[in-house]
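Reviewing the structure listed below.
Read-outs throughout are calculated quantities, based only on the coordinates presented, and are distinct from any laboratory measurement. Predicted model, so just to flag it, every value in this text is computed and none were measured. For neighbour counting, all protein chains shown are included, and Cβ atoms are generated from backbone atoms with ideal geometry for every residue, glycine included.
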Amino acid sequence: MQSVWMGVLFEAVMAKKKPGINKILAVIVILIGTVLATNMLMSDIELDWRGVGWGLLAAVSYTVTIYTSNTLALHLHSFRRSLWMMLGGTLIIAIISAPYLIEQFNLEIFMKWGLLLALFGTILPPILFTSGMPKINVGLGAIISSVELPVAVLLAYLLLDEVVNIYQWIGIIIILASVFLMNMKRLNKAEKEKE
């Protein structure tokens with residue numbers, strides 16, 4: 001979720017444009033909702049610098065993905081751009097994790113979950129990103145992508161029977177409400193253009 005503020009900051013630096021008060025408020029509210037939705041306040045957490053470092057690197061990677069989906073090779077069809085993104089990701093994962101993947105490969109798990117996870121985790125997201133991100137800016141894209149956390153918590157509750165406490169539900173509502181409010185102006189503008 002760090003990619004939310006990173007995306008807004010990245011856009012400000014790259015576009016040399018100060019973010020509006022609405023974006024800044026949306027980022028703050030989303031981060032508050034994230035703290036609640038991830039149950040950080042009720043968990044006994046010990047921070048490890050390695051985990052923090054890897055998490056921040058993941059957020060930087062996600063922010064760069066949002067940026068590249070929004071700005072690079074826009075003349076190419078989104079399927080072609082998605083293909084290059086997936087090939088790059090596959091190459092990086094192969095370099096880092098190939099020995100572990102070869103050692104620990106389980107055909108039974110692959111047959112049960114592989115295609116489903118590939119479709120919803122690897123194939124559709126880049127296609128949707130490369131199709132949708134050029135229509136909005138990087139900062140707004142990062143804010144909209146924060147809906148991922150509420151969806152993950154909701155699916156964990158529905159599919160995995162995980163316990164979700166009241167603070168997590170409040171966090172989810174806060175995140176969704178801030179994303180909705182952030183896009184309200186865009187929705188109103190689209191409605192006026194239709195009229």
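What the table shows:
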| item | result |
| --- | --- |
| Ranked list, fewest to most other Cβ atoms within 10 Å of each Cβ, for Val163, Val52, Val147, Val27 | Val163, Val52, Val147, Val27 |
| Net charge over other residues, Cβ less than 13 angstrom from the Cβ of Pro126 (K, R count +1; D, E count -1) | +2 |
| Residues Glu11, Glu46, sorted so that the one with the fewest Cβ neighbours within 10 Å comes first | Glu46, Glu11 |
| Helical segments meeting 24 Å axial Cα length and Kyte-Doolittle 0.5 threshold in the chain (DSSP H) | 78-104 |
| Footprinting exposure proxy for Asp44, Asp161 (fewest neighbouring C-beta atoms within 10 Å first) | Asp44, Asp161 |
| Residue among Lys135, Lys17, Lys112 with the largest mean-square fluctuation in a Gaussian network model of the chain, springs linking Cα atoms under 10 Å | Lys112 |
| Surrounding net charge for Ala156, when Lys and Arg each add one and Asp and Glu each subtract one, Cβ distance under 15 Å | -3 |
| Max mean-square fluctuation residue, GNM over the chain, Cα-Cα springs under 10 Å, options Asn70, Asn106, Asn39 | Asn106 |
| Max mean-square fluctuation residue, GNM over the chain, Cα-Cα springs under 10 Å, options Gly132, Gly20, Gly51 | Gly51 |
| (i) 173; (ii) 137; (iii) 161, with the label sought being that of the calculated volume of the Cα convex hull per residue in Å³ | (i) |
| For the range 16-66, size of Cβ-based charge dipole, Lys and Arg +1, Asp and Glu -1, in debye | 560 debye |
| Point-charge dipole on Cβ atoms (K/R +1, D/E -1) for the chain, about Cα centre, debye to 20 | 1120 debye |
